[in-house]
Each structure stands twice: as structure tokens, then as C-alpha cells.
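The values are calculated or read from the model by the stated rules, or taken from the named source; none is laboratory data. This one's a predicted model, so the numbers in the text were calculated from it and none came from an experiment. Cβ atoms come from the backbone with ideal geometry, glycine included; neighbour counts cover every protein chain shown.
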Amino acid sequence: MLAIMIRLVASLTFFISLIAVSTPAHPFDSGNLGVAQGGPFDPVSGPQPPAKRPDAPQLAPYVPTPQDVVDRMLALADVKKGELVIDLGCGDGRIPITAAKTYGARGFGVDIDPLRIAEANANAKAAKVEHLVTFSLQDAMKTDVSKANVVTTYLLSASNLKLRPILTRQLARGARIVAHTFSMGDWPPAKVDTFTDVEGRSRTLYLYIADGKVRQ
């Protein structure tokens, strides 16, 4: 009788172990807290998105540029095949992706939000231009733009003023800057393009040409 009971206990233990092995861990199990969805876990609201880079200032709120405005910005910059277009605050990557897809340019975008970078990479893959564009989670203020032919921004006026000495110091003569809505302060633009977008909103784009003079 004792032998039978021992065999039953052994069988039951084995059966329980099989269930434990075959059942996948729930993403909210205690061993996975803080990992689900790539961010920290809040017991009330659930998994949280990855945090933005704490060492980088937010130069503007995230407001996607409409596609027709993107097209107009790149046309104003007179982008050519093989040129390097750098977008400071790239969001979902639409400017570098459009530059690559429409003009055959190379694109590089930076943003401090990991969700935007992930979205940009996914969009580049969907557009089949991932061989031409790169996105990086980094501070726009610390981005090397010295090899850029074109730099695009949709940042606040104060942010553009912070970037102005960096851009004018690093960019080669003839490199173009296109600023959406907000200008570069008292630096006279080479051209201003004001138009109404497809949604009926007034838009203004500013084109600047680097001339070797550093503007503080």
C-alpha cells in the first residue's frame, strides 16, 4: 500500500512539473515586471513605455509634419540623389524616409523618444529604404551635422537659436537648412515659402544657406 502511495505522489509531482514547463510565463508575472512592453510596470495602469532620454532637452513637443509639408520642405531644400539629409527631431522618420524614397538621398534622423525611433525604423522598413536611412536615439544638440547637405527642423524658436551656432559652425558652405514654422532669429533666410497645406492651414518654411559664418 505504501509503495502504491509513493508511486502516486511521484506521478502527480511529475504531472505538475510538466504543466509548469509547458505554460508560458505571463508578461506581468513577478519575474517579468518592468520588462513587458519594454518599460517599467505600474500595478495600476500596467506596463509603461520606455522613458525618453533624461540627459537630452525636449526642444519641441512632438507634432508630426503633414506629408505635403514634408514634400515642400525637401523641394525647397533642392535635395539631390546621394545627398545626406539630417532631421533633428525626426519623430516617425517621415522626412528622411521621403528624402530617400523620392530623391534617392541618404537620411539620418535623431530623436530623444525611443518609441519614435522604433516607429521610424518600422516605417523605413515598410518603405523599403532601410538601406538608405538611419535613426538614432540621441540629443539633437549633440548631433554631428558636419557631413549633412541638408538639415531640417520643426523646433521651437528658442531651440532653433540654440542650434544656430552649432549648425553654422559645423555645416560646410552651401549646405541648406529648412526650418518649419519657426525661423533662426535674426539670420535672414535665403528664401521664405508661405503656403496653405492640404488641411487649409497656413505654413511657413525658411531656407538658410550655410556660408561659413558662425552665428551665435
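Points worth noting:
- Scanning the stretch 71-81 for residues that are among the small types (Gly, Ala, Ser) and in contact with a strand residue (DSSP E or B) (Cβ under 7 Å, 6 or more places away or on another chain) returns a single hit, Ala77.
- For the stretch 178-210, a tally of residues being surrounded by 13 or more Cβ atoms within 10 Å (Cβ to Cβ), touching a residue at least 40 places away in the same chain (Cβ under 8 Å) and of a type outside the set (Lys, Arg) returns 7.
- Pairs, first among the polar types (S, T, N, Q) in the stretch 91-102, second assigned to a helix (DSSP H, G or I) and at pLDDT 95 or above, C-beta under 7 Å, six or more apart: Thr98/Val70; Thr98/Asp71; Thr98/Leu74; Thr102/Leu74
- Exactly one residue out of Ser146, Ser136 is at pLDDT 95 or above, polar (S, T, N, Q) and assigned to a loop (DSSP other than H, G, I, E, B), and it is Ser146.
- Checking each residue in the stretch 114-138 for being touching a residue at least 40 places away in the same chain (Cβ under 8 Å) and over 13 Å from Gly89 (Cα atoms) picks out only Val133.
- Residue that is surrounded by the most Cβ atoms within 10 Å (Cβ to Cβ), among those in the stretch 158-177 that are of a type in the set (A, V, I, L, M) and touching a residue at least 24 places away in the same chain (Cβ under 8 Å): Ile177
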